[in-house]
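In what follows, a structure is listed as structure tokens, so that the remarks can point back to it.
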Amino acid sequence: EYTQPTLLDDAVIAELERLTPFAPLHQPHNLAGIRAARHAFPGVPQVACFDTAFHRHHPWVNDTFALPRTLYDEGVRRYGFHGLSYDYISGALAQQAPHLAAANVVVAHLGNGASMCAIRNGKSVASSMGFSALDGLPMGTRCGQVAPGVLLYLMDQKAMSAAEITELLYKKSGLLGLSGLSNDMRTLEAADTPEAAQAIDYFVFRCRREVGAMAAALGGIDALVFTGGIGENSRLIRERICERLDWMGIELDRQRNARNALVISTELARTTVMVMPTDEELVIARAARMNMRAGRDPQHARCAPYA
């Protein structure tokens, strides 16, 4: 329902409150911040920017689950997240590597929250995240993809409540759960425990697998872009993800990778590999500025994510 940055008023806020069941761990906090700002700065406009908006034009097959269609109509669908980050990277590519702006690009946003996005001609085609920010890649404390049967087992055999399962999946899983040590990749890379090594192995494996899935959704890949805290800073993780993707035309230049160069693939590589810092806050700030300048309902004004 919200595909553009939107000026907040009482009606929009009420609608966002209605949508809380779709994002119970995030939406209440966002709305609390909105209310606090309205109280502290009465009359000052607020603009809401939606992390799902970048993914709203997926093909239907990438937007749905194989569940009864009534659930899809009610809103149970693959929303995708990290859209503000992907919006920024898409715009940055248009400026810094214009020959890739219309290409098939897989962007890996790897951090405490992690996902991948398949982008063609600057538009999202598929995302590893689905109905919630739990799906897809393993993250700092979130599980990533897990079989639905596991959740049924936890309910039936472990008698876990919805609240207990939520706590497990969001806060006790991922790198933290696998390593028993930390959700911080820097800590795991420096550790010498087998559990830390296995957590890294699993993260790398799932990332490598997801690159293949995103490339398949695109029908080919021209570039792989790393961003996010891990993607921008971990030379080891980038190298390990790329080391078995030569069949996709990916060839890493280790010296470039070691110095976090913009392009870290070799000169002759068929597929370009890049490292690009993201800036979600700048996308939000620019959206707010443009909507204030528009002087009208911002749902009719397109935010330029990078320019």
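The values are calculated or read from the model by the stated rules, or taken from the named source; none is laboratory data. Bear in mind that the values here come from a model prediction, so they are computed numbers and not experimental data. Note: ideal-geometry Cβ built from the backbone for every residue, glycine included; neighbour counts use all protein chains shown. We work out accessible area using only protein heavy atoms, side chains counted, and drop any ligands, DNA or RNA first. Shrake-Rupley method; radii C 1.70, N 1.55, O 1.52, S 1.80 Å.
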Using a Förster distance of 41 Å, the FRET efficiency for Thr187-Leu25 (Cβ separation, nearest 0.05): 0.95
Per-residue SASA entry for His57, accessible area with 1.4 Å probe, Å² rounded to 10: 140
The chain, relative contact order [Cα under 8 Å, separation at least 6], %: 19
Accessible-area ranking of Trp247, Trp60, largest first, probe 1.4 Å: Trp247, Trp60
Gaussian network model of the chain, springs between alpha carbon atoms under 10 Å - residue of Tyr86, Tyr153, Tyr202 with greatest fluctuation: Tyr153
Per residue value of the accessible surface for the chain (all protein chains in place, 1.4 Å probe), Å²: 50
Cα-centred dipole magnitude for region 209-277, charges only on beta-carbon of K, R (+1) and D, E (-1), debye, nearest 20: 180
Gaussian network model of the chain, Cα within-10 Å springs - most flexible of Glu167, Glu15, Glu74: Glu74
Expected 222 nm ellipticity per residue - DSSP helices of 4 or more, -39500 (n - 2.57), all of the chain, to 500: -13000 deg cm²/dmol
Cβ charges +1 (Lys, Arg) and -1 (Asp, Glu), total dipole of the chain, debye: 420
Region 113-268 shape via C-alpha gyration tensor axes, a/c threshold 1.5: oblate
Exposure rank, largest accessible area first [Cys207, Cys143; 1.4 Å]: Cys143, Cys207
Among Ala269, Ala101, Ala126, residue whose mean-square fluctuation peaks in a GNM of the chain (springs only between Cα atoms under 10 Å): Ala269
Accessible carbon and sulfur surface of the chain relative to its total accessible area, %, 1.4 Å: 55
Charge-dipole axis of region 160-282 as Lys and Arg at +1 and Asp and Glu at -1 on Cβ define it, positive-most pick from Ile250, Val263, Ala162: Ile250
Among Thr141, Gly111, Ala196 - extreme Cα towards positive end, dipole of the chain, charges at beta-carbon: Gly111
Structure-derived Cα extents along the principal axes in Å - corresponding label in [x] 60, 42, 42; [y] 54, 53, 40; [z] 71, 52, 35: [y]
Length-normalised contact order for region 71-193 - Cα pairs under 8 Å, 6+ apart - percent: 19
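Could you size up the charge dipole of region 1-123 around its Cα centre, putting +1 on the beta carbon of Lys and Arg and -1 on that of Asp and Glu, and report it in debye to the nearest 20?
Taking the Cα centre of region 1-123 as origin, the dipole is about 300 debye.
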Exposure of Thr187 as accessible area (Å², to 10), given a probe of 1.4 Å and all protein chains: 60
